[in-house]
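Structure, as structure tokens:
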Amino acid sequence: MPSTTPVQKHVENKAGFNWLSLIEKYRVLLIFILLCVVAGFLSDVFFTMSNVMNVLRQVSIIAIIASGMTLVILLAGIDLSVGAVMAFSGAILAGALTAGWPLPLALLAALGVGLLFGLCNGFFVARFGIPSFIVTLAIMVIARGMTLVYTKGYPLVVSNESYRFIGSGRIFGIPVPIILMFVIFGMMYWMLKYTSFGRYIYAIGGNEETAILAGINVKAIKIAVFGIAGLLSALSAIIYTSRLMSAQPTAGNGIELDAIAAVIIGGTSLAGGKGAVTGTLIGALIMGVLDNVLNLINVSPFYQSIAKGLVILVAVLVDSKFSKIKK
């Protein structure tokens, strides 16, 4: 029989209810609620509908990229190229629209570019066994360079008014980027929870050798996962470029770190095999709320970076602490 630790005994009441397990399960949500309460005390504007919508709209781009990053990290991998892929996809889209391409065709071109870069990442990781950190770092440099070559270092302005709706339009009063974010996370949640593809991702991240022995096509799954991450980077580029109505050569600079941070804060293990996109969404919201409230109380952007770093560090420490208690 497994022994019960003094900590576990202390948190269990007479009915055998384990408060520690409950806190461990919902700790990210509890942190988010606590942060919102503190933000409400610090600023009267925080809980206004316009500010809430603004936070969600600002978070949507990072959150969509982070949803793809979640799949990669569940495989015990990492993708540093998402920001650069986002920039190049946006540049291709803007260039296509400027050249007179129909909007649907330009959107498909941008998504195709993102998918292609993602599949390249997955191919080199799966086929040659190169660590994903190295492969995606190389692809990041290549994509960033291709963006600068294509744009010549200048923004590409878009004049297609129909395209503006994706980044600035509303459906039933809700900004389109927010709707797209929740649709993507809904699809990701369903895929990971109810499909064999999702179960294979968890199995590979938990123990790749066992997954191979179980007959799972590990290489195909890895290629597909990195492809999805690239595709979602392109989708974020579509939203971002639409909001600005221009493709910036420096778009997505550093966004890969924000995406990774959202995944880690959301409770997904860097070792792979453990985590969920629901946690990632809350992690992205935590970062968005933190940015928002620091702006509302006029904290310098330099101090905001320090605050973000501390939040990430605390999230990792809390995860490590709970993991030790559970053992």
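Work out how much length Tyr303 to Phe182 would gain on full extension: take 0.36 nm times their residue separation and subtract the Cα-Cα distance, in nm to one decimal.
Details: separation 121, 0.36 × 121 = 43.56 nm, distance 3.03 nm.
Extra length from Tyr303 to Phe182 when fully extended: 40.5 nm.
Would you work out the charge dipole size for the stretch 45-319 about its Cα centre, treating the Cβ of every Lys and Arg as +1 and the Cβ of every Asp and Glu as -1, and quote it to the nearest 20 debye? Write out the running numbers ahead of the final one.
On the way: 13 positive and 8 negative charges, 61 e Å.
That gives the stretch 45-319 a dipole magnitude of about 300 debye.
Of Gln304, Gln58, Gln248, the residue with the greatest mean-square motion in the GNM of the chain, using alpha carbon springs below 10 Å, is Gln304. Taking a ≥ b ≥ c as the square roots of the eigenvalues of the alpha carbon gyration tensor, the chain is oblate, as a/c is not under 1.5 and a/b does not beat b/c. Simple rule: put +1 on each Lys or Arg Cβ and -1 on each Asp or Glu Cβ in the chain, find the dipole, and look at Ala143, Ala220, Ser300; the Cα lying farthest toward the positive end is Ala220. What net charge do the residues around Ala76 carry, taking every other residue with its C-beta under 11 Å from that of Ala76, with Lys and Arg at +1 and Asp and Glu at -1? Every neighbour counted, the sum reads +1.
Given an 8 Å cut-off on Cα distances and at least 6 residues of separation, report the relative contact order of the chain as a percent. If you can, show how the numbers build up before the last one.
Values: 506 pairs, mean separation 103.8, N = 327.
It rounds to 32 percent for the chain.
For the pair the stretch 199-225 and the stretch 122-188, the centres of their Cα atoms are 26 angstrom apart. Please state the shape class of the stretch 79-238: rounded when a/c is under 1.5, otherwise prolate if a/b exceeds b/c and oblate if not, all from the C-alpha gyration tensor. Oblate. Close amide-amide hydrogen proximity is noted between Ser246 and Val158, each under 5 Å apart and 5 or more residues distant or on a separate chain (H modeled in the peptide plane; Pro and chain starts excluded). Each Lys or Arg adds one and each Asp or Glu subtracts one; over the other residues with Cβ under 13 Å from the Cβ of Tyr202, this totals +2.
Once you list every other residue whose beta carbon is under 12 Å from the beta carbon of Val176, what net charge do they have if Lys and Arg are +1 and Asp and Glu are -1? Each step should come with its number before you reach the end.
Numbers: positive: Arg57, Arg164, Arg170, Arg243; negative: none.
Here the charged neighbours net out to +4.
Once the Cα gyration tensor of the stretch 214-278 is diagonalised, what are the square roots of 5 times its eigenvalues, in whole Å and ordered largest first, as equivalent ellipsoid semi-axes? Can you show the working numbers first?
Details: eigenvalues 153, 55, 17 Å².
Semi-axes from the Cα gyration tensor: 28, 17, 9 Å.
Exceedance of the 24 Å cut-off in Cα-Cα distance is limited, within the set Lys193/Lys308; Lys222/Lys274; Lys222/Lys308; Lys193/Lys274; Lys25/Lys222; Lys219/Lys274, to Lys193/Lys308; Lys222/Lys308; Lys25/Lys222.
Every read-out reported here was derived from the displayed coordinates using simple, explicitly stated rules and does not represent laboratory data. Keep in mind it's a predicted model, so treat the numbers as computed, not measured. Using ideal geometry, Cβ is built from the backbone for each residue, glycine included, and neighbour counts are taken over all protein chains shown.
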